[in-house]
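Working notes, structure below.
Since every read-out is calculated from the coordinates, none of them should be taken as a lab result. Because the structure is predicted, anything quoted here is derived from the model rather than measured. Cβ placement follows ideal geometry from the backbone for every residue including glycine, while neighbour counts extend to all protein chains displayed.
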Amino acid sequence: PPGRVTIRADGAVTFTVTVTNLGKVAGDEVVMAYTKPTTPPPTLASTSTPIEHKRLFGFARLGNIAPGASASHTFTLSAADLALADKEGVTSLYPGEYAVIISRGHGVEVMASVTLATAASDLLTPPEPTVLKHIRKWW
């Protein structure tokens, strides 16, 4: 993945991972793609809303990779994949920095940085979140 990319509220970005089989027999590998906020959005942090440590947004099984061969997969991250819900159930896009982590589930993780920019973040300091949906309270 690139070191840093910017994504708009209606945009998406792709990350391509290539796995090479360094062994002597054919094998499979599962690669997973996660996101996590680099720092909690101030409006969520001030309300003590729990924030996920990291969130899976894609995975792929790369199967039957011959010895010495490589296989690739492309993950697409949309801005909606970065949405966070507050304790009232309102899901919003919070402008700021997010990490994208590509992992096998163990060993080395590859990281990239994504900046989420919304129309509100261009004009306001601190930026206001862009609301995507409200969940009607049933409790």
Rounded to the nearest 5, what % of the DSSP beta bridges within the chain are antiparallel ones?
-> 90
In the neighbourhood of ALA60 defined by beta carbon distances under 15 Å, the net charge of the other residues (Lys, Arg +1; Asp, Glu -1) is 0
Net length gained if the chain between VAL108 and SER78 were fully extended (0.36 nm per residue, minus Cα distance) = 8.4 nm
How large is the charge dipole for the stretch 5-134, taken about the Cα centre, if only the Cβ atoms of Lys, Arg (+1) and Asp, Glu (-1) carry charge, to the nearest 20 debye?
-> 360
With semi-axes √(5λ) of the Cα gyration tensor in Å defined as stated, name the option among [x] 34, 16, 12; [y] 52, 17, 10; [z] 42, 27, 14 computed from the structure displayed.
-> [x]
Per-residue HN-Hα couplings for the stretch 13-30 [Karplus 6.51, -1.76, 1.60; θ = phi - 60°; Hz; x = Gly/Pro] | 9, 10, 10, 10, 10, 10, 10, 10, 7, 8, x, 9, 10, 4, x, 10, 9, 9
Can you count the Lys pairs in the stretch 5-134 whose Cα atoms are under 28 Å apart, with each pair 8 or more apart or on different chains?
-> 6
Got a sec? Charge dipole of the chain, +1 on Cβ for Lys and Arg, -1 for Asp and Glu; which of GLY63, HIS134, SER92 is way out at the positive end?
-> GLY63
Helix-only [θ] at 222 nm, the chain, -39500 (n - 2.57) per DSSP H run of 4+, per residue, nearest 500, equals -1000 deg cm²/dmol
